[in-house]
Structure formats: structure tokens, C-alpha cells
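What follows is a single structure, written as C-alpha cells, with notes after it.
The values are calculated or read from the model by the stated rules, or taken from the named source; none is laboratory data. All values derive from a computational prediction rather than experimental measurement. Here the Cβ positions follow ideal geometry from the backbone for every residue, glycine too, while neighbour counts run over all protein chains shown.
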Amino acid sequence: MKQRPAAATSSRPRRRRTRLPVEVLNAALDAEEANIAVLDHSGVIVAVNQPWRMFYEGNGGSDSGCGVGADYVAVCRRGAEAHAAMAGQSLVALEQILRGELQRFECHYPCHGPEEPRWFGMRMNRFIADDAPYVLVSHEIATTGSWSRETFEKLSMVARNTTSGVVIMDARAHIEWVNAAFERASGYGRSEVEGRHLAAVFGGTLRDDPKLKAMRRAVSDGRSIAMTVLTQRRDGTPFWVDLRLDAVRDPHGALHHYVAIQTDITERRTLERKVSDASAHERERIAHDLHDGLGQELTGARLLLQAAAGHLTLASPAMEPLVNAADALDRSMEEIRALAQDLAPVQLAQGLGHALELLAAHMSIPGGAPVEFAGSTEAALPRETAEQLFRIAQEAVSNSARHARARTISITLVPIPGGLELRVADDGKGFDAALRPKGRGLGIMTHRAGLIGASLHVGPGPDGGTLVTCVAPRP
């Protein structure tokens, strides 16, 4: 049997056309849930349903270019040129559908309103009606999986009405939407921050702050981060915020967007500073009382014992008890001086570097690990910043001396762009983050760092041992 020659085949796969009966089309256009439009073969809108009409009239009306007679391809092209989320992919897909190369397309994209964050699902389907090709385009609030519309509306209401500032960003941390609480706290309107990077809005003139650099690193790595940061309102006034930045990923693990929660803690920080100042003044009063009161009394007692010993001969039986009593008074006076020094380190008046230098000398006791200081000896620091950094160094050195079994301990203070970096390192047995510390030292150091807006990290050093790093911004 003679074979028939094979017909020439097209490189394009044959696609089955979908025919949509008129009654189905009318039912789709009457749907209340989705915003639906029908495009002709050139991409011009020929019909819309009532939800579509209400939505585009509420978002610019005829100026939005989404009414009957509008060129929807041009709408998608303008969105792509403005780098709107998913607009570029939607434009390519729409052009393929109009040419018959693609039957359907789906995507999700953000389209946040002035009062609430919103994500939409977009669907485009090619169909044939009366032997002519059309495209059915639908947009509806995304309610995938277990996310019902009611759940979505509840979460939107929380985002609108919470007293904390809520900021929603794209995967590059460019702001898409903020709630009213953010506008009240920062002084910025939503339109003023849309499209700007989060770090730029929080930075202001503080763009060299180490905290903001840490924020940028977290964004570039796709990580979540929490910090207390000193930022600026729109009018330039500083204010403190607790900031939590969370990376949100899709079910496949791809970074989708960021959500930041900002809590204004300026009043709390002001109260903490007042409490800290009152505590410092009380410690200074007690230190002075110890030094000038009890210390002077002990000095007087020491002189009386010395005078009594002058009336005795070296062979007198009373001489040895007097000498022992004088030695005990000397030890008590040393302890009182050390206690007064710990309560209120007077050397801070000469600069943090000078105080750390003296701390290193004081902690280098015979038989123990020598403590060395290196770095800046600048004095131009606020009292609170200098004292908290001194206390952190004091606690870190004390921990190393007591627990690390170190051979050497070093204190380093160096200026960095926008702040100061304090490091205390030892070559001891090291720090295991998996083990919960038994004492309160780490918690106290973390609290002290928070009082001055500093970041604290405790971990293994590059060459072993333990390294405590505290980075404080310049006020």
C-alpha cells in the first residue's frame, strides 16, 4: 500500500480552542466576587461587569484607562514601564494570549489601597464566541488555600487600626503601603514613602548608623531582623522605635515581600533615661558617703591605732593585736574605695578610653590573666553612653576572669562610621551559645546596650575564646 506523504507540521503545538457560550459569558459578567472584563482580539475592553466598573471608577475613573473602549495592552505596558509588580509578566502573557500562543495565565500581585493592604489574583483566559477570539480578564482579592475573604478582611482591619506602625514592602524592601499609625508616628504620608527603601526612610541623616547597615544586610540576605533604632520624623526630630522586619516567603520558599512592625518607644526611652539618671545620682551619693563618710571614719580609726602603737614597745604583748587591727582597717578601706569606684567610676569624667585603661590595670591582679587596653581615649561622649559601655566592659572582663580560664584578656575601643565599637576578647575555653548562661551577666549587658541604642553580640572569637562586641551609635 502506497504511503501518503507526511503533512508539513508547524513548530507551534496545536491548541484546543475554548468556546464560551453566551449564557456563560453573561453569567461571568454578572459575577459579584471578581472584577471581570472582556477584551477583543486586539486587547481593547469591550465589556466589564459591575464590580470592575466600581473598582476602576474608585481608582481614577476614566483616567485609569480601564473602562469600555480602553486599550488594556497599553494599560499593562504603562504598568511594566513603571515597574509595577507583575505588570511585565502580565504584558508578555497577554500579548501571547492575543496571538493564540497561550490559552491562560495566572499571577498574584500587590495593589494596596489607601486604607488597607491588598493582594489580588489575576487570571486571563482565551475563548471563542461567535467565531471570534476574546480574552476574559479577572481580578479578585487573593483568597488561596485556607485564607477566606473574611480572614483577609480581618487581617486588613488589624493592619489599619493597630497602634503600631505597619509597613509592607516588596522583595527589595521598597515600601508599598503603610498604615495610619506609621503616618502619625513618622509624620510621612503614604504617598511620600511609596517606592522608597525602608532604610532610606528610617535613616534620614543617620544613614551611617550601624543599625541601619545591619538592616540593609538583612534585606540583602533575605533575613528577618529585630532592633531598637534611633530614627527621625519627617520634621527632623529624633525618636526611638522597636522595629521588627520579617521576610515573607511563598510556599516554594521564594522571597515574596517584607512586613515591618514599628513601635514608637520614645516615651519609654525617656522614662528609662530618667530612671537611669536617678539611679546614677543615687550611686554617686552612696559612693561619696562611703568615701567621705565611712572611709574617713576608718581613716580616723587607723590613725588612733597608730597613735596607740606609738606608746608601746615592740616587745609589748598589745603590739601584735594593734598591728593586726590596723591591717584589717587598711583592707576595709581598700574594699570601700573599690566599692565606691564600682558605684560611680570617677575616671569617666576624663573619657571612656581613660576609664577602660584604668579598668584594665585594676583587673590585672597577680596570679590572674593580664588585661590589656587598646584604642581610642576620646572624651566626647554623653555620660550615659560612656557609663553603659564602661559597665558592659566591666561585666565582660569580670566574666572572662572568673569563668573563661583565659591567659589574656583584651579591651578594644575603636571609632567606626556613625558610632563606636567596644570589644572584649579572651583566649579561654570559649562560649557555647547552645548552653543557657547560669548568671545574669549576659542579660544585664544586653539591657545596658539597649539603653543607649547599641547592638550587643556575644560569641566565639576568630581565634577561639569568647568575643563580646558592642556597637553604639553616636548620639
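For the stretch 126-141, a residue qualifies if it is farther than 15 Å from residue 49 by Cβ and either at pLDDT 85 or above or surrounded by 21 or more Cβ atoms within 10 Å (Cβ to Cβ) (or both), and the qualifying residues are 126, 133. Taking (1) part of a loop (DSSP other than H, G, I, E, B); (2) at pLDDT 75 or above; (3) of a type outside the set (D, E, K, R) in turn, residue 90 satisfies each apart from (1). Apart from one condition, residue 114 fits all of (1) touching a helix residue (DSSP H, G or I) at 6+ places or on another chain (Cβ under 8 Å); (2) surrounded by fewer than 16 Cβ atoms within 10 Å (Cβ to Cβ); (3) modelled with pLDDT of 70 or more; (4) not in a helix (DSSP H, G or I); the exception is (3).
Taking each residue of the stretch 65-86 that is at pLDDT below 75 and looking for partners that are part of a loop (DSSP other than H, G, I, E, B) with beta-carbon atoms closer than 7 Å, six or more apart or interchain, yields 85/170.
A count restricted to the stretch 119-133 and to residues that are assigned to a strand (DSSP E or B) and touching a helix residue (DSSP H, G or I) at 6+ places or on another chain (Cβ under 9 Å) stands at 8.
Rundown of residues vs (1) of a type in the set (Asp, Glu); (2) assigned by TED's automatic domain parsing to the domain that holds residue 211; (3) more than 20 Å from residue 456 (Cα to Cα); (4) surrounded by fewer than 20 Cβ atoms within 10 Å (Cβ to Cβ), yes/no style:
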position: 360; (1), (2), (3), (4): no, no, yes, yes
position: 389; (1), (2), (3), (4): no, no, no, no
position: 394; (1), (2), (3), (4): no, no, no, no
position: 402; (1), (2), (3), (4): no, no, yes, yes
position: 407; (1), (2), (3), (4): no, no, yes, yes
position: 417; (1), (2), (3), (4): no, no, no, yes
position: 429; (1), (2), (3), (4): no, no, yes, yes
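Here residue 424 passes the criteria (1) part of a helix (DSSP H, G or I); (2) modelled with pLDDT of 85 or more; (3) among the aliphatic types (A, V, I, L, M) except the one numbered (1).
Just one of the listed residues (235, 246, 170, 264) is without any contact (Cβ under 8 Å) to a residue 40 or more places away in the chain, charged (D, E, K, R) and either surrounded by 16 or more Cβ atoms within 10 Å (Cβ to Cβ) or farther than 22 Å from residue 416 by Cα (or both), and it is 246. In the stretch 181-213, the qualifying residues are those that are outside any helix (DSSP H, G or I) and either of a type in the set (Phe, Trp, Tyr) or crowded, with 20+ Cβ neighbours inside 10 Å (or both), and the one that is modelled with the lowest pLDDT is 209. Contact map, the stretch 183-194: residues that are under 16 Å from residue 237 (Cβ atoms) and in contact (Cβ under 8 Å) with a residue 40 or more places away in the chain paired with residues that are surrounded by 15 or more Cβ atoms within 10 Å (Cβ to Cβ) and of a type in the set (Asp, Glu), Cβ distance under 6 Å, separation 6+ or inter-chain. Pairs shown: 185/264.
Counting only strands (runs of 3 or more DSSP E) that fall entirely inside the stretch 225-302 and contain at least 1 residues that are modelled with pLDDT under 80 and touching a Gly at 6+ places or on another chain (Cβ under 6 Å), the qualifying elements are 225-232.
Across the stretch 400-414, what is the number of residues that are over 14 Å from residue 471 (Cα atoms) and either at pLDDT 85 or above or of a type in the set (A, V, I, L, M, F, W, C) (or both)?
To start, the set of residues in the stretch 400-414 that are over 14 Å from residue 471 (Cα atoms) comprises 400-410.
Now narrow it down to the ones that are either at pLDDT 85 or above or of a type in the set (A, V, I, L, M, F, W, C) (or both): 400-401, 404, 406-410.
The number of residues fulfilling the criteria is 8.
Residues in the stretch 357-376 that are modelled with pLDDT under 85 and in contact with a Leu (Cβ under 8 Å, 6 or more places away or on another chain) were compared, and the one that is nearest to residue 273 (Cα to Cα) is 376.
Do the conditions hold for residue 178, that is, is it of a type in the set (Val, Ile, Thr), modelled with pLDDT of 85 or more and under 15 Å from the mean Cα position of the chain (by Cα)? Spell out how you get there, then give the answer.
Values: of a type in the set (Val, Ile, Thr): yes; modelled with pLDDT of 85 or more: yes; under 15 Å from the mean Cα position of the chain (by Cα): no.
Spelling it out, it is not the case that residue 178 is of a type in the set (Val, Ile, Thr), modelled with pLDDT of 85 or more and under 15 Å from the mean Cα position of the chain (by Cα).
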